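Everything on this sheet refers to the single structure shown next.
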Amino acid sequence: MSIHLGILAGLQSEARCLSGSAYTVALSGARLDGARRAAQTLVAGGATHLLSFGLAGGLDPALPPGTLLLPQRLLTPDGRSIPVDTAWHARARALLAPLHPIASPMVGTDDAIATAAAKAALFARTGASAVDMESHVLAAAAPQLPLLILRVVADSAEDALPPAALVGIKPDGSTDLTAVLRSALRQPGQIPALMRLGKAAAKAEATLRAAVRLGGLTTILE
């Protein structure tokens, strides 16, 4: 069977961690409607395998920024548990072993989990290691297709997302610098948290690039 890998990510910065052209990438812009459109684009374009790729918010306090996540199952907002493709996961876990991927469940949400208190509550309720806004949408778009989730913790369980981070993403997944600066000027007290988040995201993206180099996404599928 000819393999056509469809990759859903949220941000252009995440997509830049990929290399090569043997797959199709669609971006959500960190929006629920954007994730739905992007997922449908991948399925309509003939994807045979679906990969959710990018950053995630940490829920488990033991996981620092830069931790590679390769969950065996995904918890949905309505309480279902969706397994990823077993054989694909096993191959990926073997290839990515030097990065010590975490296989515990992740959870999907329709809205950003922005505060440490909200993260703690979600962790207590689900036991999930991390949260993202795309994986459950991708899984729902084509339940019949093999699914894999490769994510990296960016903001830790203790880190709140500053207001500028929540308004600073355009629908195409690029950074809205004007919105970030405007928010920072209105609330300058968030600047240290914004800088910490930027450093954490850079560390997480370095892990994403290392994962791509180690496995080569098409190699994972062979």
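The values are calculated or read from the model by the stated rules, or taken from the named source; none is laboratory data. What you see is a predicted model, and the numbers here were worked out from it, not measured in a lab. All Cβ positions, even for glycine, are placed from backbone atoms using ideal geometry, and neighbour counts span all protein chains on display. Quick note on the areas: whole protein, heavy atoms, side chains included, nothing else; ligands and nucleic acids left out. Shrake-Rupley method; radii C 1.70, N 1.55, O 1.52, S 1.80 Å.
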Dividing the alpha-carbon Rg of the stretch 77-122 by 2.2 N^0.38 Å yields what?
1.50
Figure the gain on full extension for LEU95 and ALA179 (residue separation times 0.36 nm, minus the Cα-Cα span) and round it to one decimal in nm.
26.3 nm
Give the long-range amide H neighbours of THR67: residues separated by 5 or more places, or on another chain, with amide H under 5 Å away, using H modelled in the peptide plane at 1.01 Å from N.
VAL153
Share of Cα-Cα pairs in the stretch 36-131 beyond 15 Å, whole percent, is 65 percent
Per the Kirkwood definition applied to all pairs of different Cα atoms, how many angstroms is the hydrodynamic radius of the stretch 133-178?
13.4 Å
Each residue of the stretch 183-197 in order: what ³J(HN,Hα) in whole Hz does its phi give by Karplus 6.51 cos²θ - 1.76 cosθ + 1.60, θ = phi - 60°, with x for Gly and Pro?
5, 5, 5, 5, 10, x, x, 7, 4, x, 5, 5, 5, 4, 5
Quick one: check the C-alpha center-to-center distance for the stretch 90-118 versus the stretch 122-168, whole angstrom.
7 Å
FRET efficiency, ALA117 to LEU166 (Cβ-Cβ, R0 22 Å, nearest 0.05)
0.90
Assuming 0.36 nm per residue, please report the length gained on full extension of the stretch ARG196 to GLN72 beyond their Cα-Cα distance.
41.7 nm
Computed over the chain, the relative contact order (Cα-Cα under 8 Å, seq sep at least six) in percent reads 29 percent
Charge tally for neighbours of THR207 with beta carbon under 13 Å away, counting Lys, Arg as +1 and Asp, Glu as -1, is +2
Provide the gained length on full extension for the span THR48 to ALA87, in nm with one decimal, where the gain is 0.36 nm per separating residue minus the Cα-Cα distance.
12.6 nm
Divide the volume of the convex hull of the Cα atoms of the chain by its number of residues and quote the answer in cubic angstrom per residue.
107 Å³
Out of the total accessible area of the chain (probe 1.4 Å, heavy atoms of protein only), what percent is carbon and sulfur?
59 percent
Accessible area, 1.4 Å probe, largest first: how do MET195, MET106 sort?
MET195, MET106
Restricting the calculation to Cα positions, tell me the Rg (one decimal) and the Dmax (whole number) of the stretch 94-222 in Å.
16.4, 51
With all distinct Cα pairs included, what does the Kirkwood hydrodynamic radius of the stretch 1-57 come out to in Å, to one decimal, could you say?
11.4 Å
Looking only at lysines whose Cα falls under 23 Å of LYS119's and that sit 8 or more positions away or on another chain, we get LYS199, LYS203
Convert each backbone phi in the stretch 85-94 into a coupling constant with the Karplus relation 6.51 cos²θ - 1.76 cosθ + 1.60 (shift: θ = phi - 60°), then list the ³J(HN,Hα) values in order as whole Hz, x for Gly and Pro.
5, 5, 5, 4, 4, 5, 5, 5, 5, 5
